[in-house]
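Q: My questions will all concern the structure given below.
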Amino acid sequence: MMNHLKTVCAKSPLRTNFDKLQKTLKFEKLFKDDKFQTLQPHTFDQEKLRKKLALMCIKEEPLIVEHEGFQELINEAEPKFKIPGIWTIARDYLKIYSDELSKLKKCLVSERVSFTTETWTSVHNMNYMRLTAHWINKDWKLCKRILNFRQIGVARVVLHFKVGQF
């Protein structure tokens, strides 16, 4: 019965050769700034989806992967995706961080960079400071990256930055 479901039955979600025969289509922007979307073929990629999940958890809430409602949603949307645990996502965070840091280092090697700082107080009366690098790339586009963001004390603003660190 299981062999029949995996190989023969056309309506079975367990059919393994179905993906090889039929592509799924999705609407996607070709370029980041595009206003229009085009229809593109889509293939399931566990690693790509895992990275997107890690990026979402960085922006939102890391523990969302353990919520029952989120797991049900993912299982309904893409049953083939195996939701990683919180420790796997934490390792993915570190990989994303090191990848982005190396890309930033390569980008800033030949650029002239300006630095700005900004401080503000949250609604909870906590003080924060941000260090941002600004530069114009070879395509004459203004680029900026946040290099550091931290909570600071009320009376002091300390900037720890070594020239040539990046």
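Q: Output the residues belonging to region 120-143 that are open to solvent by less than 80 Å² (accessible area, probe 1.4 Å), assigned to a strand (DSSP E or B) and touching a Phe, Trp or Tyr at 6+ places or on another chain (Cβ under 9 Å).
A: Of everything in region 120-143, those that are open to solvent by less than 80 Å² (accessible area, probe 1.4 Å), assigned to a strand (DSSP E or B) and touching a Phe, Trp or Tyr at 6+ places or on another chain (Cβ under 9 Å) turn out to be Thr121, Asn127, Tyr128, Met129, Arg130, Leu131, Thr132, Ala133, His134, Cys143.
Q: Still on this model: If a residue has to be modelled with pLDDT under 85, more than 21 Å from Ala90 (Cα to Cα) and exposed (fewer than 11 other Cβ atoms within 10 Å of the Cβ) to count, how many in region 32-78 make the cut?
A: Residues that pass the stated criteria total 11.
Q: So, of the residues in region 53-87 that are touching a helix residue (DSSP H, G or I) at 6+ places or on another chain (Cβ under 8 Å) and β-branched (Val, Ile, Thr), which turns out to be farthest from Ala133 (Cα to Cα)?
A: Going through the qualifying residues, I end up with Ile83.
The values are calculated or read from the model by the stated rules, or taken from the named source; none is laboratory data. These numbers come from a predicted model, not from an experiment. Here Cβ is always computed from backbone atoms with ideal geometry, including for glycine, and neighbour counts include all displayed protein chains. For the accessible areas, the whole protein counts, side chains as well, though only heavy atoms, and no ligand, DNA or RNA atoms are used. Shrake-Rupley method; radii C 1.70, N 1.55, O 1.52, S 1.80 Å.
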